[in-house]
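Shown next, in structure tokens, is the structure this report addresses.
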Amino acid sequence: MEINIDIDAPVPLFAQLMGQIKRAVQHDQVSPGDPLPSIRQLASDLDLNNKTVAKAYRLLERDSVIQTRGYRGTFVHPDAKANCTIDLSAWVTTKLGETIAELREKGVTDSEIRIAFGTVMNNRPQ
Amino acid sequence: MSEQLVFYAVFLSQILLISFYYPRQIVGRMKRLRETHPPSAYPKLYPRPAEYYTRSRRNYGRWNLVVLLLGFSILAALWLFSESGVWAYNIAIGYFFLQLIPALSLDLSFLREFKLMRKVDSRRKASLSPRRLSDFVPPLLGGAALITYLAFVFFVFYVQQFDFPWFGGYWNVVGVTFMNLCFGAILLWSVYGRKLNPHQAYEDRVAQITKLVRILLFISIAATVFVALTVTLAAWELRNLQPIAVSLYFQLLAVISFQAYRIDQANFEVYKEDPLSASPGKGIAG
């Protein structure tokens, strides 16, 4: 299974990588339990920074699409196919869109929404 | 005298094999590749204008011609001055490194090409299959290299007890260990290192790594055996045979290393114009 990314595309590299791996899972190109390349190998092959690949892997692990088993490496999660359908990014976008629409309805300006969003994000618990 | 004549014949063979036969083969392959895979059909294979490749091929041929003529001059000088022994030994080594220059410059030009390919094309490909060192090292060959190395260490310990004044002792072990560590580093880099050719198909990369690993293991065995052979010849007072051995060893290295230039099985479809390249980001699921 080969993945392709475009470093000039407007889509962030980690998102391209996540999308490609999810698509591979959905199209049965990789099966649950299959080993995946290490962060370093994928970063070297794609000529990317290790941190970019690590971020993609971290988010895929959060979504239970992949799982890391210590020194043995990274594997496709047993429930990866089902978990691939859950797109947290799309859910967040929809949720934020709804909230922003509601705030606008109440008369809150875009500038006030941005400031409030920034304040909330900056004060988030670490 | 007979050893001298044998050395001249072997040295002539070294000159012809490394500076005439293999360069001709490589130039022939480059020409054939250009004919069977023209820039119009395989644009990704040629990131520079066509004249550049013709010029670099010609330069490679000229460099080899210069080295070839120099080799004939050296051989003539050795013949005239009836030289063999230490001089011939050193000349065979020095000349071999000179013979390597055109091949190294060719390899460097390949690296520059790959760098340009990466710059020109923003698309990157990778396989989702993990690579492990154990997948590429054949157990038999790896074991043979290890046994050869250990046998060499015991050999040095054995020779050490005779107190030969010329014998470098444990420095031989240090030298061979360092050489094997260098081979090991190249081996690790080839398996886990950066992908140089951005268009190379994964199967081709795996085949290339497999080939390189085998070549390195063969060279490791050959180099270790050669050092042991040199010591043995010196111990038996057969130093006159050392230049013959060193020249034959270099020819063996050339024969083994030349396998790395074989591209008959490579997948050239990856160098064709990709219809998706015009629309970046296409085909990415989100």
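Nothing in this text is a laboratory measurement; each read-out follows from the coordinates by a stated rule. Everything numeric in this text was worked out from a predicted model, so none of it was measured. Using ideal geometry, Cβ is built from the backbone for each residue, glycine included, and neighbour counts are taken over all protein chains shown.
Loop-located trypsin sites (Lys or Arg not before Pro) in region B:185-233 (DSSP state not H, G, I, E or B) with no more than 16 neighbouring Cβ atoms inside 10 Å: B:Arg194. With a 10 Å cut-off around each Cβ of B:126-138, the average count of Cβ atoms from other chains is 5.
What pairs from A:Lys22/B:Lys195; A:Lys22/A:Lys55; B:Lys44/B:Lys211 go past 21 Å between their alpha carbons? Too far apart for the 21 Å limit: A:Lys22/B:Lys195; B:Lys44/B:Lys211. From largest to smallest, the equivalent ellipsoid semi-axes obtained for the protein assembly as shown from the alpha-carbon gyration tensor read 56, 27, 17 Å.
Convex hull over the Cα atoms of region B:44-191, averaged projected area in nm²? Don't skip to the end; give the middle numbers.
Working: hull surface 56.2 nm².
Computing the convex hull of the Cα atoms and averaging its projections yields 14.0 nm².
Modelled spin-label separation between B:Asn267 and B:Ser105, with each label point placed 7 Å from Cα along the Cα-to-Cβ direction: 3.5 nm.
In peptide A:1-14, how many Cβ atoms from other protein chains are near each Cβ within 10 Å, on average? Don't skip to the answer; put the middle values down first.
Values: counts 5, 7, 6, 9, 7, 12, 6, 5, 7, 2, 4, 0, 1, 0.
Whole-number average of other-chain Cβ neighbours for A:1-14 is 5.
Each label was represented as a point 7 Å from its Cα along the Cα-to-Cβ direction; for B:Ala9 and B:Ser134 these points are 4.9 nm apart.
Its residues counted as N, chain B yields a C-alpha radius of gyration over 2.2 N^0.38 Å of 1.20. For chain B, leaving out every one of the GluC sites (Glu not before Pro) that falls in a DSSP loop and has at most 15 other Cβ atoms within 10 Å, the longest unbroken run is B:1-236.
Counting, for every residue in A:16-23, the Cβ atoms of other protein chains within 10 Å of its Cβ and taking the mean gives 4.
Modelled label positions at A:Ala82 and B:Lys119, each set 7 Å beyond Cα in the direction of Cβ, lie 5.1 nm from each other. With r defined as the distance between the Cβ atoms of B:Trp189 and B:Thr54 and R0 fixed at 35 Å, what FRET efficiency is calculated, to the nearest 0.05? According to the calculation, E is roughly 0.65.
Here is the list for region A:66-114: trypsin sites (Lys or Arg not before Pro) lying in DSSP coil, each with at most 15 other C-beta atoms within 10 angstrom of its C-beta, are A:Arg69, A:Lys106. Quick one: Debye curve from the C-alpha atoms of region B:110-186, no solvent, what's log10 I(q)/I(0) at q = 0.14, 0.19 Å⁻¹? Reported log10 I(q)/I(0), two decimals: -0.72, -0.93.
So which chymotrypsin sites (Phe, Trp or Tyr not before Pro) in region B:69-167 are both in a DSSP loop and have at most 16 other Cβ atoms within 10 Å of their Cβ? Loop-located and lightly packed - B:Phe81, B:Phe162, B:Trp166, B:Phe167. Spatially, region A:38-111 and region B:88-126 are offset by 41 Å when compared through their Cα centroids.
In deg cm²/dmol, rounded to 500, what helix-only [θ] at 222 nm does the protein assembly as shown give when every DSSP H run of at least 4 residues adds -39500 (n - 2.57) and the total is split over its residues?
On the way: 15 runs with 267 residues, N = 412.
Computed ellipticity for the protein assembly as shown at 222 nm equals -22000 deg cm²/dmol.
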